[in-house]
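Scroll down for the structure; my scribbles are underneath it.
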Amino acid sequence: MPATSVKKRAPRTKSKADIAQTIKLMTEQYGPFNDEPRLPPMDEMVFTILSQHTSDINSSRAFRLLMERFGTLEAVAAAEIPDIEKAIAPGGLARIKAPRIKEVLNKVLELNDSLDLSFLREMPLNEAKAWLRQLPGIGPKSAGIVLSFSLGMPAMAIDTHIYRVSQRLGVIGPKVSADKAHDILEEKVEPGEVFNFHVSYINHGRQVCRAQRPKCPECVVGSLCPSRKKYMTKAELAELAAAEEPTLAGSSGAPMPHIPQA
Ligand code: SF4
């Protein structure tokens, strides 16, 4: 008899309702979060470039030093690269970030005649994302941060923590790239919950669902997670199954990711 090939079915991903439940539980655990815009959009974009591969504290310091040195972003756009580099040096990777900042500022001036990006708020989300994505070095994550954190639009900004937690929870499939995850998650998360999703998933990834040795026994969404059996011993799983409670009490005061620190 000829061998029949059985096609493996892709693992099922979480429904919208299940995702909404994870956001609710994590927001109770880590929130409430303040979603007031902290910076105008162009400032947010420069801050986002400064925050690449460095801590929020270092990037906040670099942003403050940049503005103290030049006063306005128009002055930064006109400045010499070595002067920008000197100003942001305490934030790290200044040799890479200084030309990137100057280039993006000048591209915005060329396209828009101004560094005021508030017009993006009036655009449909996909057009606003495409406008930002044409800028040098601005990918889906940076565009999402500007649109979501500064302009209050329901854009996703998937960082390494959100990506890891989403995969482990089965919110996205195991083979979905981080870039592709942006569009998928914008479909699956209610627009009014995008900000809470972003901040709660980052907090969860930083505090509990860490890259190495996630703390599954104390995870607030553990009962919804298909991955926890990978990380827990049989004894821990049995103990948890006996004691599983639908929710855990919340706490607040968690740090706000991607927000400039004073
Ligand atoms: S149960 Fe473990 S792997 Fe799953 S989300 Fe929680 S910490 Fe992450």
When the Debye formula is applied to the Cα atoms of the range 131-241, each taken as the same point scatterer, what base-10 log of I(q)/I(0) results at q = 0.10, 0.22 Å⁻¹? -0.32, -1.19
Please go through the residue pairs Lys129/Lys180; Lys97/Lys141; Lys86/Lys141; Lys14/Lys141 and name each one whose alpha carbons sit more than 19 Å apart in this structure. Lys86/Lys141; Lys14/Lys141
Mind checking which aspartates and glutamates have their Cα closer than 13 Å to the Cα of Lys24? Skip sequence neighbours fewer than 8 apart in that chain. Glu190, Glu193
For the range 87-99, what does the Karplus curve 6.51 cos²θ - 1.76 cosθ + 1.60, with θ = phi - 60°, yield as ³J(HN,Hα) per residue in whole Hz, taken in order and with x for Gly and Pro? 5, 9, 3, x, x, x, 6, 5, 5, 8, 6, 4, x
For the range 178-186, 3J(HN,Hα) per residue [Karplus equation, 6.51 cos²θ - 1.76 cosθ + 1.60, θ = phi - 60°, Hz, x = Gly/Pro]: 4, 4, 5, 4, 4, 5, 4, 6, 5
Kirkwood Rh (inverse of mean 1/r, distinct Cα pairs), the chain, angstrom: 20.0 Å
Take the alpha-carbon centre of the range 179-227, take the same for the range 75-111, and report the distance between them in whole Å. 33 Å
Karplus 3J(HN,Hα) series, Hz, for the range 207-219 with 6.51 cos²θ - 1.76 cosθ + 1.60 (x for Gly, Pro): 9, 10, 8, 6, 4, 9, 6, x, 8, 4, x, 10, 7
For the chain, with a Gaussian network of springs between Cα atoms less than 10 Å apart, report the residue from Gln29, Gln167, Gln134 with the top mean-square fluctuation. Gln134
Aspartates and glutamates near Lys229 by alpha-carbon distance under 13 Å, same-chain residues fewer than 8 away left out - which ones? Glu239
Under a Gaussian network model of the chain whose springs join Cα atoms within less than 10 Å, the largest fluctuation of Ile23, Ile96, Ile84 belongs to Ile96
Extension gain from Glu190 to Ser223, taking 0.36 nm per residue of separation minus the Cα-Cα distance: 9.7 nm
What aspartates and glutamates could a cross-link reach from Lys102, if we take a straight Cα to Cα line under 13 Å and drop same-chain neighbours fewer than 8 places away? Asp43, Glu74, Glu80, Asp83, Glu85, Glu110
If I model a spin label as a point 7 Å beyond the Cα along the Cα-Cβ vector, how far apart are those points for Gln134 and Thr160 in nm? 3.3 nm
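Quick note: the coordinates plus some simple rules give every number you see, no bench work behind them. These numbers were taken from a predicted model, which means no experiment stands behind them. Glycine gets a Cβ as well: all are built from the backbone with ideal geometry, and neighbour counts include every protein chain shown.
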